[in-house]
1. Charged (D, E, K, R), touching a Lys or Arg at 6+ places or on another chain (Cβ under 8 Å) and under 21 Å from Pro40 (Cβ atoms): which single residue out of Arg306, Arg293, Arg300, Arg328 fits that description?
2. I'd like to know if region 290-298 contains one or more residues that are farther than 24 Å from Val180 by Cβ and out of contact with any Cys (no Cβ under 8 Å at 6 or more places or on another chain).
3. Collect the residues in region 304-326 that are touching a strand residue (DSSP E or B) at 6+ places or on another chain (Cβ under 6 Å) and within 14 Å of Asn378 (Cβ to Cβ), keeping them in residue-number order.
4. Need the failing condition index for Thr202 against (1) assigned to a helix (DSSP H, G or I); (2) within 25 Å of Ala277 (Cα to Cα); (3) of a type outside the set (D, E, K, R), just the number.
5. Based on what the data block shows, is Gly178 at positive phi, in contact (Cβ under 8 Å) with a residue 24 or more places away in the chain, of a type outside the set (Phe, Trp, Tyr) and touching a Leu at 6+ places or on another chain (Cβ under 8 Å)?
6. Consider Met22 against the criteria (1) assigned to a helix (DSSP H, G or I); (2) outside the structural domain of Glu253 (by TED's automatic domain parsing); (3) within 21 Å of the chain's Cα centre (by Cα); (4) surrounded by fewer than 20 Cβ atoms within 10 Å (Cβ to Cβ): it satisfies all of them except one. Which criterion is unmet?
7. Looking only at helices (runs of 4 or more DSSP H) that fall completely inside region 230-330, which ones have 2 or more residues that are crowded, with 20+ Cβ neighbours inside 10 Å and among the aromatic types (Phe, Trp, Tyr)?
Amino acid sequence: MQTKPRISNRVMQIQKSAIHEMTRLSKQVKDVAFLSWAKPTADTPEHIKEAAVSAIRHGLVGGYSNNAGLVELREEITRKLKRDNNIDANPAQIMVTVGAIEGLAASVMAFVDPGDEVILPTPTYSTHIRQVIIASGKPVLVPLIEESGFKLDIEAVKRAITPKTKAIMYCSPNNPTGTVFTEEQLRQVAEIALAHNLMVITDEAYEYFTYDGQKHFSIASIPDMRKHVISCFTFTKTYAMTGWRIGYLHTDEEFIPQITKAHIPFAICAPVVSQYAALAALKGPQDCVAQFREHYLSARNLMCQRLDRLKPIFEYVKPAGSYLMFPRILSEEGSDSTAFCKRLLKEARVSTTPGVAFGPTGQRHLRMSFCVTEQEINKAFDRMDAYFKQIR
C-alpha cells in the first residue's frame with residue numbers, strides 16, 4: 001500500500017527557523033554569550049505589569065474581548081497613530097493582534113491568493129517570507145543595495161513587478177540590517193503601489209528606535225495610500241513586552257472584516273490581559289521608551305567599536321535603527337553563514353544568527369542583537385577576539 005505524504009507542500013517548503021535553531025543549540029553550550037535573539041533583556045516597566053495585575057484581580061481578563069480588541073485600547077491606539085505616525089485613524093480601522101506577527105500573517109492570508117507574488121526587499125525578517133509561502137504565494141526577493149547602506153533598490157522593485165504581483169512587504173527599521181528606509185524612498189514605493197494597484201504591508205516594530213538623526217516614516221501617512229496599506233505595529237519591542245504577545249494593525253475599515261476572517265482562526269482575539277497591559281503602556285509615562293532607546297544607542301556604539309577591532313574578520317554598515325546589526329563575514333568561511341555561526345557557538349561560546357536565514361543575499365553575513373547588556377556584548381567580543389586570534 002502506498003502512503004501519501006501527510007505534510008502540506010507549503011509547510012514542507014519552509015526551512016527550520018535559524019533563529020530558534022541557534023537558540024536550541026545555544027542551550028547545549030554552557031555559559032553562552034547570547035547575541036542571536038531580538039529579545040530585550042530589560043524587564044517590562046512596572047506600571048504596565050501593575051495594570052495587568054489589577055485587571056486580573058478585578059476579573060477583567062477571563063473571557064474573550066471583541067475580535068478587534070478592547071474599544072478603549074483601539075481608541076488610545078488612534079491617538080498614538082496621529083501623534084507619532086501622522087496617521088488619521090478611527091477605532092474601526094484598528095485590529096489588536098497577537099504581536100505584529102499575527103497581524104502580518106492575517107493580512108497576508110486576507111490578500112494573497114495561491115500563485116500571487118509578493119515583493120520583499122531583502123535581507124528581511126525571515127518570518128515574512130514564510131508567511132507568503134504559507135498563503136501559497138510566491139516571495140519575490142529584491143536585494144537591498146548593501147554598498148549604499150542597504151538602501152531600497154527602487155528600480156529593481158519596478159522591474160520585479162509582473163501581472164501576478166499583489167503586494168510589497170517590508171520592515172522599517174529593517175530586521176536584520178537596521179536600515180531606516182527614508183521618506184523619499186517610501187514615497188517612491190507608494191507611487192509604485194498606486195500605479196500598479198498593489199497593497200503595501202508594513203512591519204514597523206522598531207519605529208521608536210532610530211539614531212543619528214534618522215526618522216521613522218509611516219507610508220500610511222500618505223493620504224492617497226489609504227486603501228493600499230496595512231501597517232503592523234507592536235508593543236513587544238517598544239515596551240520590552242515580547243512575552244506578552246500584543247500588537248495591532250491599521251488599515252482602511254473596508255478591509256478589517258476581511259482580515260478578521262483570517263484573524264479569528266489564528267487567534268480569536270489577542271490575550272485580554274495583554275490588552276490591558278498595552279492600554280497602560282500607551283496611557284502611562286513614556287520615559288521608559290526613551291530610556292530603552294538611549295541604552296540601545298549606547299550598546300550599538302559599543303558593538304561598532306568592538307567590530308572595528310575585528311576588521312580583518314568583519315565589515316559592517318552602522319545600523320540607523322532597530323537593535324540589530326548585520327556584519328559581513330570577510331573570510332572564505334563566510335560563504336556558509338550557518339556553518340560559521342555554529343562554529344562560533346561551539347568553539348567561542350558566542351551565539352549569533354546566520355545571515356542566510358534572512359534571504360539569499362544574507363549569506364556571508366550574521367545577525368547580532370544589541371538589545372542586551374553592555375556586559376554581554378563585551379563578553380561576546382572578548383571571546384571572539386580570543387577565538388579569531390587563535391585560529392589566524
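1. On the way: Arg306 fails: touching a Lys or Arg at 6+ places or on another chain (Cβ under 8 Å); Arg293 fails: touching a Lys or Arg at 6+ places or on another chain (Cβ under 8 Å); Arg328 fails: under 21 Å from Pro40 (Cβ atoms).
Result: Arg300 is the single residue among Arg306, Arg293, Arg300, Arg328 that is charged (D, E, K, R), touching a Lys or Arg at 6+ places or on another chain (Cβ under 8 Å) and under 21 Å from Pro40 (Cβ atoms).
2. Filtering region 290-298 down to residues farther than 24 Å from Val180 by Cβ leaves none.
No: region 290-298 contains no residue that is farther than 24 Å from Val180 by Cβ and out of contact with any Cys (no Cβ under 8 Å at 6 or more places or on another chain).
3. Once the filter is applied, which keeps residues that are touching a strand residue (DSSP E or B) at 6+ places or on another chain (Cβ under 6 Å) and within 14 Å of Asn378 (Cβ to Cβ), region 304-326 yields only Leu307.
4. Status for Thr202: all satisfied but (1).
5. Working: at positive phi: yes; in contact (Cβ under 8 Å) with a residue 24 or more places away in the chain: yes; of a type outside the set (Phe, Trp, Tyr): yes; touching a Leu at 6+ places or on another chain (Cβ under 8 Å): yes.
In short, yes.
6. Here Met22 meets the rest and fails (4).
7. Working: elements: 256-267, 272-283, 287-308.
Counting at least 2 such residues, we get 287-308.
The values are calculated or read from the model by the stated rules, or taken from the named source; none is laboratory data. Being a predicted model, the structure only gives us computed values, none of them experimental. Neighbour counts are summed over all protein chains in view; Cβ atoms, including those assigned to glycine, are modelled from backbone coordinates with ideal geometry.
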